[in-house]
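J.: Questions regarding the structure given below will be posed in turn.
Readers should treat all values here as calculations from the given coordinates under stated rules, not as data from a laboratory. Predicted model, so just to flag it, every value in this text is computed and none were measured. So basically every Cβ, Gly included, is an ideal-geometry build from the backbone, and we count neighbours across all protein chains shown.
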């Protein structure tokens with residue numbers, strides 16, 4: 001099958017809402033969505049706290065966060081696999097080869113990214129926001145929340161960067177999810193499997209959807225930024 005024919009077949013699979021394509025898309029988006037939410041809940045406070053706090057190991061912590069941004073996915077997959085396997089400390093919960101296992105692994109991957117981008121955003125903010133809020137009667141926590149709101153678009157960009165990291169992830173999804181059809185098979189793992197089987201059109205269909213998802217998310221971010229400038 002030529003590339004043109006494969007492309008037409010891929011478009012037909014998308015247009016006809018092929019069941020297997022739809023399943024992989026939904027699994028990817030749902031897993032990436034939950035992973036991003038959890039990473040944001042952890043990463044945003046970490047980034048704000050590290051940048052605004054003064055402590056002895058601050059530079060070391062920042063270096064660690066920078067290092068973790070390049071954390072190999074197979075290392076994360078291996079570590080979480082060991083924790084969730086039958087002989088691991090969390091093996092009794094039966095999480096391995098489930099969507100929850102993939103969410104755990106992808107959350108670990110996304111947290112350093114969200115934290116680092118948030119840290120950089122807060123670094124460029126006007127620090128007078130904090131003392132002004134404290135003067136007006138806000139608590140230290142409320143003042144930090146106000147500072148975060150002042151740089152909310154940078155924080156949103158941090159969350160989008162985290163989402164981009166996990167939606168395109170394949171190593172962790174393969175190791176922790178097992179690429180089980182109708183259950184843990186994501187777009188990236190399906191692309192890898194189907195392309196290796198010679199099903200190029202199917203892989204191409206998922207690749208197109210993956211690019212569309214990324215474009216929609218980024219266009220949404222740009223629209224939000226421009227509408228508030």
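J.: Rounded, prolate or oblate: which fits segment 48-181 when a ≥ b ≥ c are the square roots of the eigenvalues of the alpha-carbon gyration tensor, with rounded for a/c under 1.5 and prolate only if a/b beats b/c? Spell out each step's value before the answer.
T.: Values: a/c = 2.50, a/b = 2.34, b/c = 1.06.
Prolate, since a/c reaches 1.5 and a/b exceeds b/c.
J.: Taking every pair of distinct Cα atoms and averaging 1/r, then inverting, what Kirkwood hydrodynamic radius in Å comes out for the chain?
T.: That comes to 19.3 Å for the chain.
J.: Determine, from the Cβ-Cβ distance of residue 132 and residue 152 and an R0 of 22 Å, the FRET efficiency 1/(1 + (r/R0)^6), rounded to the nearest 0.05. Don't jump to the answer; show the numbers that get you there.
T.: Details: r = 17 Å, r/R0 = 0.78.
Efficiency computed from Cβ-Cβ geometry: 0.80.
J.: Once you put a point 7 Å from the Cα of residue 64 and another 7 Å from the Cα of residue 195, both along the Cβ direction, what distance in nm separates them?
T.: 3.6
J.: Here is a further query. Gaussian network model of the chain, Cα springs within a sub-10 Å range: biggest mean-square fluctuation belongs to which of 187, 83, 174?
T.: Result for the chain, Cα springs under 10 Å: 83 fluctuates most.
J.: Another one. Which shape class applies to segment 105-211: rounded if a/c is under 1.5, otherwise prolate when a/b exceeds b/c and oblate if not, where a ≥ b ≥ c are the square roots of the Cα gyration tensor eigenvalues?
T.: Prolate.
J.: Can you compute the modelled spin-label distance between residue 56 and residue 93, with each label point 7 Å from Cα toward Cβ, in nm?
T.: For residue 56 paired with residue 93, the spin-label model returns 3.3 nm.
J.: Let me ask something additional. Rounded, prolate or oblate: which one fits segment 35-80, using the alpha carbon gyration tensor with axes a ≥ b ≥ c (rounded when a/c is under 1.5, else prolate when a/b beats b/c, else oblate)? It would help to have the intermediate numbers written out before the result.
T.: Working: a/c = 3.13, a/b = 1.47, b/c = 2.14.
Because a/c hits 1.5 or more and a/b fails to exceed b/c, segment 35-80 counts as oblate.
J.: For residue 22 and residue 123, FRET efficiency with R0 = 25 Å and r from the beta-carbon atoms, rounded to 0.05?
T.: Values: r = 42 Å, r/R0 = 1.69.
Here the calculated transfer efficiency is 0.05.
J.: So, in nm, how far is label residue 170 from label residue 79 when the simple model puts each one 7 Å beyond its Cα toward the Cβ?
T.: Calculated label separation equals 2.3 nm.
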